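The values are calculated or read from the model by the stated rules, or taken from the named source; none is laboratory data. Given the structure is predicted, the values throughout are model-derived calculations rather than measurements. Ideal geometry is used to build each Cβ from the backbone, glycine not excepted, and the neighbour counts take in all protein chains shown. Just so you know, the surface numbers come from the protein's heavy atoms only, side chains and all, with ligands and any DNA or RNA stripped out. Shrake-Rupley method; radii C 1.70, N 1.55, O 1.52, S 1.80 Å.
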Amino acid sequence: MTGETVNPKAYPLADAQLAITILDLVQQAANYKQLKKGANEATKTLNRGISEFVVMAADTEPLEILLHLPLLAEDKNVPYVFVPSKQALGRACGVTRPVIACSVTTNEGSQLKSQIQQLKDAIEKLLI
Amino acid sequence: MATLADSFLADLDELSDNEAEIPEDNDVDAADMEEDVDGDLADLENLNYDDLDSVSKLQKTQRYTDVIQKVEEALNKKESEVLFQVVDIEDDPEYQLIVDCNALSVDIENEIVIIHNFIRDKYRLKFPELESLVHHPIDYARVVKKIGNEMDLTLVDLEGLLPSAIIMVVSVTASTTTGKPLPEEVLSKTVEACDRALDLDSAKKKVLDFVESRMGYIAPNLSAIVGSAVAAKLMGTAGGLASLAKMPACNVQLLGAKKKNLAGFSTATSQFRVGYLEQTEIFQTTPPSLRMRACRLLAAKSTLAARVDSIRGDPSGKTGRAFKDEIHKKIEKWQEPPPAKQPKPLPVPDSEPKKKRGGRRLRKMKERYAITDMRKLANRMQFGVPEESSLGDGLGEGYGMLGQAGSGKLRVSVGQSKLAAKVAKKFKEKNYGSSGATSGLTSSLAFTPVQGIELSNPQAHAHQLGSGTQSTYFSETGTFSKIKRT
């Protein structure tokens, strides 16, 4: 994985430590039914305004098939981040196929609210 | 060249016609105000809908005329000039023109809907049922213009405007309609609105033709999958390439889907209707049983190609051709027959040795827990003979063949079993005591197999144990009761 060159359009890219934290929270969101898997469903959550943040895979081939999500996320003021591996993202989402994009949804009164808020702050620091 | 010049001159004539018509409309408005002094509702209706220019403003705008003029100039341009400008397409003014054309086609579509509402409101007095029979705005405008104020629809030739079934339904409905002929000024306004709608539709077709011819530069990957005509329609309906890229794939599948127009006919024979993706070459070459799956696959890959095109990821269209090859491969995979069934061999027999054998103990266990003769008879039914039951008339528990041997009793005489006989024999051997019922009247003479006959003497123990008949209390030999004299 370290030998491969990452697409420079995949920005902001999480480092190894932050990627582990993101994938762990994605897995917990999947268990709490607060996760939408796939680029189309992530697009719908952004259009409906129920998305907390969007996670995308940087090794998507071609990467352009999910670069409309950062544009939508900027319009809706939602943080977005790239993780290095789509295989790892699929495993974190709980599916056997690779997942190139997923979205953690909003739920008032959820037990994950504080963790989601901390992770949103960490993602927004990458953009500074 | 001549036809395009004629259409250009016709546009100029239309502009002059619009200028000439404005005073006439003012005069007609004044006449209406003079005639309809008493009717309040008519005044309100005239104030709302009287002037077409108050609701339809697109053709008057500068942007519309500029874009249409540029489109006509661009269509006249030679092919070599177009090829010369491929080098840097993003800075090309023609690219900006194409982007303006996408926005304009959406505006034209909205304008046609507004004019359709105007025509429908005007023409409802004459033919109220027509709007529910003809749904498409352009078809409706053509039919209204053709019918006009004619009351007998058999004299009107609608061939070529509508399908034959719809023509039949419209003719039958027109013979029973409650509408009345329109006044002349209302009819002239309606026909003018129809003309304007048809002009807008032809302008939209011109814009889409221009976008279609340039589709290889705007969306090369999307055109590689669905073709340039369908790509232009998808972009026109979605409102541009950026909007198309931001749609989910399930929405792209329904772009261009029309309302069902069966007019009372059965839906059993109607085809599966989707939007513009139905018109692609891939969809038409697919067998009908696989078309729904092909439509979903086509929508998904088209969306991915549109997303690649929206940020100009692959101008050469290589990604789109790869998607198209993948689609073809999948559709061919679906059409393969399933693998032939192999003859299945018998399963390997169970080679584990049995833990339980026969033997003496098992036979005794089976005999001990076997079903009784009484239950066997109760479980059987004789043919043709009704059984008795515990509650009578078939209710409760049935007795089967029990009690039908002729005696009428339910008790079954127990047959001899080896186990019972052996148990009885063993029990008899231990009976060493009395041979029968023992009462107080019999003697104590006992027969035992060991000692034989023994005659016992009841007086034998009296001497040994002391006689019970004599009391030692009053005896003279007792030492405590008699005191000796000294």
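In this structure, is B:His136 within 34 Å of the chain's Cα centre (by Cα) and closer than 30 Å to B:Leu208 by Cα?
Answer is yes for this residue.
Starting from residues that are part of a loop (DSSP other than H, G, I, E, B) and at pLDDT 90 or above, keep the ones in the stretch A:68-87 and report whichever is nearest to the other protein chains (Cβ to nearest Cβ).
A:Val78
Within the stretch B:246-253, is even one residue away from chain A (no Cβ under 14 Å) and buried (at least 21 other Cβ atoms within 10 Å of the Cβ)?
Within the stretch B:246-253 (the criterion being away from chain A (no Cβ under 14 Å) and buried (at least 21 other Cβ atoms within 10 Å of the Cβ)), the answer is no, since none of the residues qualifies.
Taking the criterion of being farther than 16 Å from A:Ile22 by Cβ, in contact (Cβ under 8 Å) with a residue 40 or more places away in the chain and touching a strand residue (DSSP E or B) at 6+ places or on another chain (Cβ under 6 Å), would at least one residue in the stretch A:86-97 satisfy it?
Checked against the condition, which is being farther than 16 Å from A:Ile22 by Cβ, in contact (Cβ under 8 Å) with a residue 40 or more places away in the chain and touching a strand residue (DSSP E or B) at 6+ places or on another chain (Cβ under 6 Å), the stretch A:86-97 yields no hits at all.
Confirm whether A:Pro98 is of a type outside the set (S, T, N, Q), away from every other protein chain (no Cβ under 14 Å), over 12 Å from the mean Cα position of the chain (by Cα) and more than 20 Å from A:Leu127 (Cβ to Cβ).
Criteria met by A:Pro98.
For the stretch A:49-64, indicate whether the set of residues that are more than 12 Å from the chain's Cα centre (by Cα) and farther than 20 Å from B:Ile311 by Cα is non-empty.
yes
Given the options A:Lys37, A:Lys33, name the one that is more than 18 Å from A:Asp121 (Cα to Cα), more than 14 Å from chain B (Cβ to nearest Cβ), open to solvent by 30 Å² or more (accessible area, probe 1.4 Å) and among the charged types (D, E, K, R).
Just a single option satisfies the conditions, and that option is A:Lys33.
Could you grab me the full set of residues in the stretch B:199-223 that are over 32 Å from the mean Cα position of the chain (by Cα) and within 14 Å of another protein chain (Cβ to nearest Cβ)?
Scanning the stretch B:199-223 gives B:Ala219, B:Pro220, B:Asn221.
Can you give me the number of residues within the stretch A:6-30 that are within 14 Å of chain B (Cβ to nearest Cβ) and open to solvent by less than 20 Å² (accessible area, probe 1.4 Å)?
1
Return yes or no: is A:Gln118 away from every other protein chain (no Cβ under 14 Å), assigned to a helix (DSSP H, G or I) and surrounded by fewer than 22 Cβ atoms within 10 Å (Cβ to Cβ)?
Considered against the rule, which asks whether it is away from every other protein chain (no Cβ under 14 Å), assigned to a helix (DSSP H, G or I) and surrounded by fewer than 22 Cβ atoms within 10 Å (Cβ to Cβ), A:Gln118 comes out as yes.
Note down all Cβ pairs under 6 Å where the first residue falls in the stretch A:41-67 and is more than 10 Å from chain B (Cβ to nearest Cβ) and over 19 Å from A:Ser85 (Cα atoms), the second is polar (S, T, N, Q) and in a helix (DSSP H, G or I), and they're at least six residues apart or on different chains.
What qualifies is A:Ser51/A:Thr45.
Every residue in the stretch B:230-245 that is open to solvent by 40 Å² or more (accessible area, probe 1.4 Å) and away from chain A (no Cβ under 14 Å), please.
B:Lys233, B:Thr237
Restricting to helices (runs of 4 or more DSSP H) lying wholly in the stretch B:282-374: which have 3 or more residues that are within 14 Å of another protein chain (Cβ to nearest Cβ), within 30 Å of B:Val230 (Cβ to Cβ) and modelled with pLDDT of 85 or more?
Hits in the stretch B:282-374: B:291-310, B:318-335.
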